Structure formats: structure tokens, C-alpha cells
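Written below as C-alpha cells is the structure these notes are about.
The values are calculated or read from the model by the stated rules, or taken from the named source; none is laboratory data. If you're wondering where the values come from, they're calculated on a predicted model, not measured in any experiment. Methodologically, a virtual Cβ is constructed for each residue, glycine included, from the backbone with ideal geometry; neighbour enumeration extends over all protein chains shown. What goes into the accessible areas is simple: the full protein's heavy atoms, side chains included, and nothing from ligands, DNA or RNA. Shrake-Rupley method; radii C 1.70, N 1.55, O 1.52, S 1.80 Å.
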Amino acid sequence: MNDLNYPEEGATLRTPLPAGYNHLHVEVPIGHGRAVFAAAGEAVTTFRMHRATGAGVRASAGRAAPGVEVEISLGVGPVRLLAPCRVVWRADEEDRIGFGYGTRAGHPECGEESFVVDIRPDGSVWFTVTAFSRPAALLTRLAGPLVPLAQRGYARYCGRRLRRLVNGRRSGPR
């Protein structure tokens, strides 16, 4: 059963991203070397990076893998935004680790987002968020152009948190 609320499953693995959506591509430098790459990949695929941003994370497994259901929550109490997703792909390669998840019914957006760590030929380690999305709820339709700005800011924040996690600095939200 496909419970995603968009038809282009797995499209964050390809370019170009599907038309008719807002597109996001954010790259953040994390560090240098295989140890940083391995630690960053572990933090991303175990949802530790998400938790380090202050987001609530409920997942049907401890590690991202196709079919794992994930609910991300942002905010506090009655002002908490719930975002149900399902992991649609995972990369576990020599130079690339990460996953993509797609939105499910009840998510304020529809689309897909990926979180990938890669090590480049010069040994630099980068975190990349790629996404396509459009409003799926009244709240996100009313927020209009503020939603893509918030998504870009959150993607950059994820990268900063990940960099702190793998470089041994304070890992909790400020």
C-alpha cells in the first residue's frame, strides 16, 4: 500500500526534480576525513541529527530504511506541527550515506526530502538537503512564500547541528 500523498516517489534521487513543486537544495560543509563522514552518516541515518535540532522524532525503527515510518514534530504543546513521513530510499555507499522520505496523509506539505552526507575527492565532508514540496494543508497554503524560506532555514540549521555533533561540540538546540 502506498500511503504517500504525492506520486513521484524516489524523485530526490534524480534531477531535475519534478515540476509543480517548490525546490530546495542546501549544502553545508561538515568537516574533513573518513571519521567525520562515518559519524555524520550515522547521525543522519539514526535520526540523531533531527533530534539535535530540537525536533521530536518518532520512528518505527532506529535507523532509516525503506518503509520505516517517521513522524517529525516541531513546536510546543498545542502549537506543535506533526509531519508524518515514510522513508522511500536509503544510500549506504562508500562515499555517500543518507536517505529520502516522503510525506504521508496529515503532513502539512506533500513531496519528498532527502538528507545525504558525502565525502568528496579532496576529503571534505558535505551535508546536502534536497527537497520538492508544495502545500497540502490550509496552514501551509496561507503561509505562502514563508514556507520555502522556513524550509531553507531549517535545512541549514540541520547542517549546523550535524557539524556540531560530529565535531564534538554542544549537540543540543540553543
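Odds and ends about this structure:
- Computed accessible area, residue 25, all protein chains, 1.4 angstrom probe, square angstrom: 110
- Dipole magnitude for the chain: computed about the Cα centre from +1 point charges on Lys and Arg Cβ and -1 point charges on Asp and Glu Cβ, it is near 860 debye.
- Exposure of residue 12 as accessible area (Å², to 10), given a probe of 1.4 Å and all protein chains: 10
- Counting Lys and Arg as +1 and Asp and Glu as -1 over every other residue whose Cβ lies under 9 Å from the Cβ of residue 73, the net charge comes to +1.
- HN-Hα J in Hz across region 76-92 - Karplus 6.51, -1.76, 1.60, θ = phi - 60°, x for Gly and Pro: 9, x, x, 9, 9, 9, 9, 10, x, 9, 9, 5, 10, 7, 9, 10, 9
- Dividing the mean sequence gap of close Cα pairs (under 8 Å, 6+ apart) by how many residues region 29-174 holds gives a relative contact order of 26 percent.
- Local electrostatic count, residue 143, Cβ distance below 13 Å [Lys/Arg +1, Asp/Glu -1]: +1
- Prolate/oblate/rounded call for region 1-72, Cα gyration tensor, a/c under 1.5 rounded: oblate
- Among 68, 79, 129, residue whose mean-square fluctuation peaks in a GNM of the chain (springs only between Cα atoms under 10 Å): 79
- Per-selection metrics, region 56-124 (Cα): Rg and Dmax in Å: 14.1, 47
- Ranking 97, 114, 127 by Cα position along the charge dipole of region 70-135, where only Lys, Arg, Asp and Glu carry charges on their C-beta atoms, puts 114 farthest toward the positive end.
- Against the set [x] 68, 47, 44; [y] 44, 35, 31; [z] 52, 39, 26, the structure's computed Cα extents along the principal axes in Å falls on [y].
- For the chain, the longest principal axis of the Cα atoms and the long axis of helix 34-45 meet at an angle of about 20 degrees.
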